[in-house]
Structure formats: C-alpha cells, structure tokens
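The values are calculated or read from the model by the stated rules, or taken from the named source; none is laboratory data. What you are looking at is a predicted structure, and each value in this text was computed from that prediction instead of being measured. Note that we place each Cβ from the backbone using ideal geometry, even for glycine, and neighbour counts take in every protein chain shown. What goes into the accessible areas is simple: the full protein's heavy atoms, side chains included, and nothing from ligands, DNA or RNA. Shrake-Rupley method; radii C 1.70, N 1.55, O 1.52, S 1.80 Å.
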Amino acid sequence: MKAIDATVHLPHKAYPLRKYARFYALRPDGKIAALFYANTKSKRPAGRFCSSDGPEGKLQSIPCPADDRPEANEQRWVNYNELPLIFDGGCGVIDIIYNPQSAEIEETACHGMA
C-alpha cells in the first residue's frame, strides 16, 4: 500500500489522495489491483432505521445494518473478488495496477464516465 501511494500519479481531474478510500488486492498474476474511491457520502448515524419488506410485502422499519464503508484516506486489503464493483464514477473512482516485481505502476485511470 505504501509503495503504491508513494508512487502513484493521479489523473489530472482526480481529487487529492487523502480524499479516497483505498482498496488493494493481489491478482492471480501476482500484480496488485487498487481501487481508489472518493466516497463523499457520510456514514449513517447510529440508531437510524431502514425499510425492509415485511410479511405480505408491507414495508417495515428495521435497524440499519452496520455501515462498514471505509472513510476517506482509509486503506484496506481485500481478496481480489471482493474489490468494490463500480461501473462509472469518473475520477471519483480510480483503477490502478501495480507490479511488485518491477515496483512500478502499470496503469492508472479514472473509472468510466462521470
């Protein structure tokens, strides 16, 4: 994580590094996939209630599940198949491929359309 964060050059339209929650995963080929996500939504306050389908399809209020999304500037190692699946996001989501053999970043790109 430190090597990637220290060497990455974010795209021109990207936020500062500290604005991104950062996920890292070892790929089957030995390279590291990183996904930087500028999650600007605040976490749900404790005690908040969510809706769920109840008996006979009627909505019911239930306690919201724990919000375990990482905060900005937080880093997490995850399994490769657990990387967040995000289809767009522009430079709010950045894909990075790091090669630990060469200690070089091979790819850095904003993710889809904004």
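Being open to solvent by less than 90 Å² (accessible area, probe 1.4 Å), more than 13 Å from Glu107 (Cβ to Cβ) and in a loop (DSSP other than H, G, I, E, B) is the filter here, so list the residues in region 11-28 that pass it.
Once the filter is applied, which keeps residues that are open to solvent by less than 90 Å² (accessible area, probe 1.4 Å), more than 13 Å from Glu107 (Cβ to Cβ) and in a loop (DSSP other than H, G, I, E, B), region 11-28 yields Ala14, Pro16, Tyr20.
Filter region 15-44 down to residues that are of a type outside the set (D, E, K, R) and in contact with a Cys (Cβ under 9 Å, 6 or more places away or on another chain) and give me whichever is modelled with the lowest pLDDT.
The extreme case among them is Ala38.
Give region 1-19 a look and list any residue that's in contact with a helix residue (DSSP H, G or I) (Cβ under 9 Å, 6 or more places away or on another chain) and either under 14 Å from Arg76 (Cα atoms) or not β-branched (Val, Ile, Thr) (or both), or say none.
Asp5, Leu10, Leu17
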